[in-house]
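Peer 1: Got a structure for you, questions after.
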Amino acid sequence: MTEIQDTIFETDKVELMSIVLEKKSKHWRLCQICCCFVNSDDRYEVTYSFATGFRIENYRLIVAKEEEVPSISSVYDAAVFYENEMHELFGLNVTDMQTNLKDKLYRIGEETPFLNHLPPLPPKPKTPAPAAPAADEAKPAAPAADAAKSAAPASPAQQSEAAPASADKAN
Amino acid sequence: MAKTSVVPFGPQHPVLPEPVHLDLVLEDEKVLAAVPSIGYIHRGLESLVEKKDFNEMAYVTERICGICSFMHGMGYCMAVEKIFGVEVPRRAEYLRTIWSEMSRLHSHLLWLGLLADAFGFESLFYHAWRLREKILDMFEISTGGRVIFSVNTVGGVLKDMPADMLTAFVKNLDDMEKEIREMTDVFLQDYTVKSRLVDIGILTGDDAINCGAVGPMMRASTVPVDMRKTGYAAYDEIDFDIITGRSFDSYARCEVRIGELFQSIGIIRQAVKKIPDTELTVPIKGFPKGEAYVRLEQPRGEAFYYVRANGTKFLDRMRVRTPTFANLPALCKVLQGCDYGDVPLLILTIDPCISCTER
């Protein structure tokens with residue numbers, strides 16, 4: 001099995017360009033650029049992946065919501081599509097893109113960026129309580145002694161016998 | 001005096017299996033530049049991680065595309081398994097390998113049919129898809145589905161292929177191999193086909209790396225990279241060579257895909273001989289926490305899956321970088337300087353899967 005390097009390095013904007021130029025000079029290809037918006041920290045994590053042969057290295061840039069990220073499309077032509085996608089769908093502020101498609105890469109009816117656009121899920125309806133069985137009018141009225149007995153609360157044994165019957169009715 | 005104009009291509013075009021739009025800047029009949037627009041079938045599948053839990057997302061990722069369905073589900077499950085740190089049973093890995101190679105077979109046969117249709121060779125198109133039907137029948141017998149299989153789950157696979165089924169499949173593939181060879185010989189030797197493919201859409205090795213091309217698009221430019229050699233699933237125990245082209249053109253891309261057809265049949269034979277007898281899944285307890293990425297070799301090239309989990313049942317992020325998205329810059333590169341009449345064919349040589357690209 002060919003060995004794979006499995007690492008994510010954190011970097012900053014200043015170091016990013018020197019990393020990109022170094023990878024380009026060593027004929028690494030740009031594998032992908034992934035944008036992730038971390039809601040809890042209100043920041044973007046942009047991960048650049050470079051690959052050569054079967055080896056891959058990932059460099060992560062962490063930026064605040066309104067911060068600008070420099071484009072690497074002047075070095076890697078392939079970055080144009082990734083950066084336009086990140087700008088359009090996530091609202092990441094990428095500057096100096098070699099080809100700025102001006103939010104026309106994705107022809108979608110929905111407004112972009114998609115951050116926090118999802119409405120909250122509607123609350124699930126509560127399951128209704130099982131209806132009490134209707135009194136049968138054809139049955140004669142119970143005698144007084146039986147009425148006194150039925151007025152008393154049911155014993156646990158009687159309650160457990162009644163519960164499956166009512167559950168079946170609810171189903 | 002040369003006249004420059006901008007001609008829209010797509011999203012609806014007879015040669016396109018899925019909608020993509022290109023603005024072609026033409027000078028008379030030569031293409032100067034191509035600017036793509038996508039999004040006609042964007043479904044926001046990546047954002048569904050906010051609504052579907054991590055087990056359900058396996059079924060969502062399968063529906064990214066109907067051609068690459070199995071490997072999308074597999075790549076996602078592999079990334080989540082990596083976060084959990086579980087080892088999938090060996091039999092499940094072999095089954096995943098067999099289904100992956102069957103996916104590659106049906107995808108390449110589909111592409112060959114579309115290619116033949118693109119230059120008007122309809123009988124060859126029907127022969128390719130007739131052979132593809134036999135692969136889809138095998139999928140239906142083994143998984144219950146022809147297009148969407150739903151056999152991948154986090155921790156393994158949900159269905160088994162017993163020994164008699166595997167033996168029958170190998171026999172079926174042995175019978176098909178002769179028919180596939182007769183059909184592919186037409187692509188490789190027919191004068192009319194060669195005149196439409198040879199020296200059309202040349203992409204050098206350096207350009208392929210600079211554009212970030214992957215898969216047969218890159219291997220046709222003599223760059224020998226195939227993610228199966230990293231040894232995921234059961235590929236670490238399978239012997240195979242990386243198939244590369246020699247001429248950097250559309251004919252080389254056709255050669256590479258045809259070579260991979262026979263290679264896939266050989267890989268399935270090896271996998272059926274070596275498949276061990278173990279369980280199919282490992283139990284998965286709790287929720288994932290952490291991040292992981294996985295790279296697979298889909299029929300169209302390297303696919304990159306990134307999953308980020310926060311310890312709850314919903315994931316933070318799921319990113320799929322599909323091979324067609326990576327091949328878009330290479331497409332724009334090969335279109336520069338080509339004839340307007342060759343545009344549909346050149347778009348087909350990247351084997352576009354726009355469903356995958358847009359998700």
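Peer 1: Show that you can apply the helix-only estimate: for the protein assembly as shown, add -39,500 (n - 2.57) for every DSSP H stretch of four or more residues, divide by all residues, and state [θ] at 222 nm to the nearest 500.
Peer 2: My calculation for the protein assembly as shown gives -13000 deg cm²/dmol from helical runs alone.
Peer 1: Determine, from the Cβ-Cβ distance of B:PHE314 and B:ILE41 and an R0 of 22 Å, the FRET efficiency 1/(1 + (r/R0)^6), rounded to the nearest 0.05.
Peer 2: Using R0 = 22 Å, I get an efficiency of 0.35.
Peer 1: Report the label-to-label distance for B:ASP53 and A:LYS65 in nanometres (one decimal), using points 7 Å from each Cα along the Cα→Cβ vector.
Peer 2: Between B:ASP53 and A:LYS65, the label points sit 3.1 nm apart.
Peer 1: Further question on the same structure: Going down the list A:LYS26/A:LYS102; B:LYS51/B:LYS134; A:LYS23/A:LYS102; A:LYS104/B:LYS194; B:LYS134/B:LYS313, which pairs span over 30 Å between their C-alpha atoms?
Peer 2: A:LYS26/A:LYS102; B:LYS51/B:LYS134; A:LYS104/B:LYS194; B:LYS134/B:LYS313
Peer 1: Tally Lys and Arg at +1 and Asp and Glu at -1 over the other residues with C-beta under 14 Å from the C-beta of B:GLY341: what net charge comes out?
Peer 2: Charge balance near B:GLY341 sits at -2.
Peer 1: Moving to a separate point now. Please turn the phi angles of segment A:82-89 into ³J(HN,Hα) values with the Karplus equation 6.51 cos²θ - 1.76 cosθ + 1.60 (θ = phi - 60°), one per residue in order, whole Hz, x for glycine and proline.
Peer 2: Per-residue couplings from phi come out as 5, 6, 5, 5, 5, 5, 6, 8 Hz.
Peer 1: Also, quick follow-up: Taking 2.2 N^0.38 Å as the expected size of a compact globular protein, what ratio does the Cα radius of gyration of segment B:203-292 give against it, to two decimals?
Peer 2: 1.43
Peer 1: Keeping the other protein chains in place, figure out the carbon and sulfur percent of the accessible area of chain B, with a 1.4 Å probe.
Peer 2: Answer for chain B is 53 percent, counting heavy atoms of protein chains only.
Peer 1: Same structure, new question: From the residues B:THR357, A:GLY91, B:ILE284, which one has its Cα farthest along the dipole of the protein assembly as shown in the positive direction, the dipole being from +1 and -1 charges on Cβ of Lys/Arg and Asp/Glu about the Cα centre?
Peer 2: With unit charges placed on the Cβ atoms, the residue in question is B:ILE284.
Peer 1: Taking the Cα centroid of segment B:313-356 and of segment B:181-222, what is the distance between the two, rounded to the nearest whole Å?
Peer 2: 15 Å
Peer 1: Using modelled backbone amide H atoms (1.01 Å from N, in-plane), which distant-in-sequence or interchain residues come within less than 5 Å of A:ILE108's amide H?
Peer 2: HN-HN under 5 Å from A:ILE108: empty list.
Peer 1: Work out which GluC sites (Glu not before Pro) in chain B are exposed loop sites (DSSP not H, G, I, E or B, at most 15 other Cβ within 10 Å) and give the longest gap free of them.
Peer 2: Here the longest run is B:88-278.
Peer 1: Please tell me the relative contact order of segment B:1-48 in percent, rounded to the nearest whole number, where contacts are Cα pairs under 8 Å and at least six residues apart.
Peer 2: Relative contact order here is 31 percent.
Peer 1: Roughly how many Å² is the accessible area per residue of the protein assembly as shown, as a whole number, for a 1.4 Å probe?
Peer 2: Using a 1.4 Å probe on heavy atoms only, each residue of the protein assembly as shown averages 44 Å².
Peer 1: Under the Karplus relation 6.51 cos²θ - 1.76 cosθ + 1.60, θ = phi - 60°, what is the ordered set of whole-Hz ³J(HN,Hα) values for segment A:92-104, x standing for Gly and Pro?
Peer 2: 5, 8, 9, 9, 6, 5, 4, 10, 8, 7, 6, 6, 10
Peer 1: Let me ask something else about it. Please give the Cα centre distance for segment B:271-297 versus segment A:38-66, rounded to the nearest Å.
Peer 2: 26 Å
Peer 1: So if R0 is 51 Å, what FRET efficiency would B:ASP199 and B:PHE287 give, r being the distance between their Cβ atoms, rounded to the nearest 0.05?
Peer 2: After rounding, the FRET efficiency stands at 0.40.
Peer 1: Please list, or write none, the lysines whose alpha carbon is within less than 20 Å of the alpha carbon of A:LYS24, excluding same-chain residues fewer than 8 places away.
Peer 2: Hits, sequence-local ones excluded: A:LYS13, B:LYS333.
Peer 1: What Kirkwood radius, in Å to one decimal, follows from the Cα pairs of segment B:185-229?
Peer 2: It is 11.9 Å.
Peer 1: Which lysines does B:LYS273 reach when only Cα atoms under 16 Å apart count, and residues fewer than 8 places away in its own chain are ignored?
Peer 2: Result set, ordered by chain and number: B:LYS171.
Peer 1: For a Förster distance of 25 Å, can you work out the FRET efficiency between the beta-carbons of B:GLN12 and B:LEU32, rounded to the nearest 0.05?
Peer 2: Rounded to the nearest 0.05, the efficiency is 0.60.
Peer 1: Under 13 Å Cα to Cα from B:LYS285, which aspartates and glutamates show up? Leave out anything in the same chain fewer than 8 places away.
Peer 2: Here the aspartates and glutamates satisfying the reach criterion relative to B:LYS285 are B:GLU81.
Peer 1: Which ³J(HN,Hα) values, rounded to whole Hz and listed in residue order, are derived for segment B:313-330 from phi using the Karplus coefficients 6.51, -1.76 and 1.60 in 6.51 cos²θ - 1.76 cosθ + 1.60 with θ = phi - 60°, glycine and proline given as x?
Peer 2: 6, 9, 7, 6, 7, 9, 10, 10, 9, 8, x, 5, 4, 5, 8, 4, x, 5
Peer 1: How big is the B-A contact in terms of buried accessible area, both chains counted, 1.4 Å probe, rounded to the nearest 100 Å²?
Peer 2: Accessible area lost upon association: around 3500 Å².
Peer 1: Take peptide A:55-67, look around each residue's Cβ out to 10 angstrom, count Cβ atoms belonging to other protein chains, and average those counts.
Peer 2: 1
Peer 1: Another question, if that's okay. Given H placed on each backbone N at 1.01 Å, which residues far from B:PHE54 in sequence or on other chains put an amide H within less than 5 Å of it?
Peer 2: Residues meeting the amide H criterion: B:LEU315.
Peer 1: Tell me, in nm to one decimal, what length is gained between B:PHE262 and B:ILE242 on full extension, where the rule is 0.36 nm per residue of separation less the Cα-Cα distance?
Peer 2: Length gained between B:PHE262 and B:ILE242: 6.0 nm.
Peer 1: Taking 2.2 N^0.38 Å as the expected size of a compact globular protein, what ratio does the Cα radius of gyration of segment B:100-181 give against it, to two decimals?
Peer 2: In units of the globular-protein estimate, segment B:100-181 measures up at 1.21.
Peer 1: Using DSSP to call loops (not H, G, I, E or B), can you name the trypsin sites (Lys or Arg not before Pro) in segment B:222-305 whose Cβ has at most 15 other Cβ atoms within 10 angstrom?
Peer 2: Qualifying residues, ordered by number: B:ARG246, B:LYS285.
Peer 1: Taking chain B as the reference, fit the longest principal axis to its C-alpha atoms, fit the long axis of helix B:69-84 to the helix C-alpha atoms, and give the angle between the two in degrees, 0 to 90, nearest 10.
Peer 2: 50 degrees
Peer 1: Leaving out ligands, DNA and RNA, and with a 1.4 Å probe, what % of the accessible surface on segment A:7-79 is carbon or sulfur?
Peer 2: Carbon and sulfur together cover 50 percent of it.
The values are calculated or read from the model by the stated rules, or taken from the named source; none is laboratory data. Quick caveat: nothing in here was measured; it's all calculated off a predicted structure. Heads up, the Cβs are rebuilt from the backbone with ideal geometry, glycines too, and the neighbour counts pull from every protein chain shown. Just so you know, the surface numbers come from the protein's heavy atoms only, side chains and all, with ligands and any DNA or RNA stripped out. Shrake-Rupley method; radii C 1.70, N 1.55, O 1.52, S 1.80 Å.
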